[in-house]
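Working notes for the structure below.
The values are calculated or read from the model by the stated rules, or taken from the named source; none is laboratory data. None of these values were measured; they are calculated from a predicted model. Cβ placement follows ideal geometry from the backbone for every residue including glycine, while neighbour counts extend to all protein chains displayed.
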């Protein structure tokens, strides 16, 4: 039996970022890209360079930082997009330009206002232009899942002749059903005369909860690249989940005649990193990376596991990166041991200053908590990566008063652009009072869309991790804060969101690139 390679194309940094509130900074994208490289992901779609100066710089930074994975930039089938993507990818060891144009009747008529012949001509032009920068060119007929098969065949044959080496078939709106989508891949590969000159890929959205099912059906019908994201992150209901696709193929080798070359032990650390950076928590019952994915409570299950793991587990937890989360480090641990453990968690800093600040925060936390967990370190890293260069607003001190029968009040001091400013307010509770106090001096005019609190670890001394989402002018930003004091964590999360807003308010929303 021949064993083909299944290429994993990760688009967490591009399509994943299209989740409202999941916008990432350049440094955050580099951190995640390095973690994906450590996992041996084949292709990393780093962003949509034409969208903004920030996106361009982020793609450029990832191209400079990553050496082992191919770095991809997204571009519409427009000259300015392709030129911009080519320039952003100049420093990449291995680069790819991914260009797209819609091919479904509804998109061509209602969105593009173009005839099918004009769309075909534009697609061919884009591929030829992309070949000026790299011989690794991917083409996507957007909304392929609702396109007419005859026209799809015409376009794909033409772009392969023009030099496209990967043909990606997107189910852009999550409309397809697995057997139908798999049959489409088989039909295209059979009917297109030069189909053997390109790798067929799929990019499925999860609107009906079928993104992974559709992707796997496509693989069974000859697709040899899957586009996916960590934790299934993505716009609307998300994308196909990388961890689910990879482990389904790896676990069911009796069915799939292909496999990936990923180091699956890096899946859980990467999942935690993405969750920490974006502020999107992973649900406990999420396959592979959820906290309960390998937990057994029912007595009959526990009995079976004790006798033979295979009775109720089809994968080993350690094969996807689960391990005891308790650190062997404590408040007497040295800086080198701390740095080494961070490296194991895919946590790296851009400077000695950042590392020193993280180490200082670790020592402070160790004085408050008896046990330190890996999740605590991810929270420290998330705070530290912002604090060294992005803090226009900074919490200096906070005092709250919450007493039965009295109106809660908060008094605080903020540093704003280097100047300390006092503030005070009352509210429905200590957190509400704190947020109101911040707004009396910041006056951001944003609206609070989400306030969420999660225990990072167990125990009454656990750090509380707070996520807030603020909305203004159609843009949403998320902020995170962690502390053993939940009110301080809340204040830090709110200020973190304000700092992100201050940082990215001039940046166009990444959802402009939609495949």
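Residue check: is residue 472 in contact (Cβ under 8 Å) with a residue 40 or more places away in the chain, over 17 Å from residue 276 (Cα atoms) and surrounded by fewer than 21 Cβ atoms within 10 Å (Cβ to Cβ)? Spell out how you get there, then give the answer.
Details: in contact (Cβ under 8 Å) with a residue 40 or more places away in the chain: no; over 17 Å from residue 276 (Cα atoms): yes; surrounded by fewer than 21 Cβ atoms within 10 Å (Cβ to Cβ): yes.
Against the criterion (in contact (Cβ under 8 Å) with a residue 40 or more places away in the chain, over 17 Å from residue 276 (Cα atoms) and surrounded by fewer than 21 Cβ atoms within 10 Å (Cβ to Cβ)), residue 472 does not qualify.
Can we say residue 203 is in the same structural domain as residue 256 (by TED's automatic domain parsing), in a strand (DSSP E or B) and either in contact (Cβ under 8 Å) with a residue 60 or more places away in the chain or surrounded by fewer than 18 Cβ atoms within 10 Å (Cβ to Cβ) (or both)?
Numbers: in the same structural domain as residue 256 (by TED's automatic domain parsing): yes; in a strand (DSSP E or B): yes; either in contact (Cβ under 8 Å) with a residue 60 or more places away in the chain or surrounded by fewer than 18 Cβ atoms within 10 Å (Cβ to Cβ) (or both): yes.
Considered against the rule, which asks whether it is in the same structural domain as residue 256 (by TED's automatic domain parsing), in a strand (DSSP E or B) and either in contact (Cβ under 8 Å) with a residue 60 or more places away in the chain or surrounded by fewer than 18 Cβ atoms within 10 Å (Cβ to Cβ) (or both), residue 203 comes out as yes.
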Those residues of region 424-436 which are without any contact (Cβ under 8 Å) to a residue 40 or more places away in the chain and either crowded, with 19+ Cβ neighbours inside 10 Å or outside the structural domain of residue 489 (by TED's automatic domain parsing) (or both) amount to 425, 433
Subset of region 158-196, residues in a loop (DSSP other than H, G, I, E, B), in contact with a strand residue (DSSP E or B) (Cβ under 6 Å, 6 or more places away or on another chain) and under 21 Å from residue 217 (Cα atoms), comes to 172, 174
Just one listed residue, out of 50, 97, 71, 101, is buried (at least 20 other Cβ atoms within 10 Å of the Cβ), in the same structural domain as residue 241 (by TED's automatic domain parsing) and over 21 Å from the mean Cα position of the chain (by Cα), and it is 101
In region 74-84, anything farther than 21 Å from residue 8 by Cα and either touching a helix residue (DSSP H, G or I) at 6+ places or on another chain (Cβ under 6 Å) or crowded, with 24+ Cβ neighbours inside 10 Å (or both) is listed as 77, 81, 82, 84
Going through (1) modelled with pLDDT of 95 or more; (2) outside any helix (DSSP H, G or I); (3) more than 21 Å from residue 360 (Cα to Cα) one by one, residue 397 fails only at (3)
Cβ pairs under 6 Å, 6+ apart or interchain, first in region 129-140 and in the same structural domain as residue 160 (by TED's automatic domain parsing), second at pLDDT below 95, ordered by first then second residue, are 140/515
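Would you check which residues across region 107-157 are in a loop (DSSP other than H, G, I, E, B) and under 25 Å from residue 180 (Cα atoms) and list them? Even if it seems obvious, please write down each step before you answer.
Restricting attention to region 107-157, the residues satisfying the condition of being in a loop (DSSP other than H, G, I, E, B) are 113-115, 131-136, 143, 147-148.
Passing the criteria: 143, 147, 148.
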Exception for residue 443 within (1) under 20 Å from residue 499 (Cβ atoms); (2) in contact with a helix residue (DSSP H, G or I) (Cβ under 6 Å, 6 or more places away or on another chain); (3) without any contact (Cβ under 8 Å) to a residue 24 or more places away in the chain falls at (2)
Note on residue 38: of the conditions (1) closer than 21 Å to residue 166 by Cα; (2) touching a residue at least 40 places away in the same chain (Cβ under 8 Å), unmet is (1)
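Residue 236 - would you say it is surrounded by fewer than 21 Cβ atoms within 10 Å (Cβ to Cβ) and under 18 Å from residue 146 (Cβ atoms)? Break it down stepwise before answering.
Working: surrounded by fewer than 21 Cβ atoms within 10 Å (Cβ to Cβ): yes; under 18 Å from residue 146 (Cβ atoms): yes.
For residue 236, the condition - surrounded by fewer than 21 Cβ atoms within 10 Å (Cβ to Cβ) and under 18 Å from residue 146 (Cβ atoms) - is met.
Among the residues in region 212-219, are any more than 18 Å from the chain's Cα centre (by Cα), within 27 Å of residue 192 (Cα to Cα) and either free of Cβ contacts under 8 Å to residues at least 12 places away in the same chain or outside any helix (DSSP H, G or I) (or both)? Outline the logic, then answer.
Within region 212-219, the subset more than 18 Å from the chain's Cα centre (by Cα) is 213-219.
If we keep only those that are within 27 Å of residue 192 (Cα to Cα) as well, we get 213-219.
Next cut, either free of Cβ contacts under 8 Å to residues at least 12 places away in the same chain or outside any helix (DSSP H, G or I) (or both) only: none.
No, because not a single residue in region 212-219 is more than 18 Å from the chain's Cα centre (by Cα), within 27 Å of residue 192 (Cα to Cα) and either free of Cβ contacts under 8 Å to residues at least 12 places away in the same chain or outside any helix (DSSP H, G or I) (or both).
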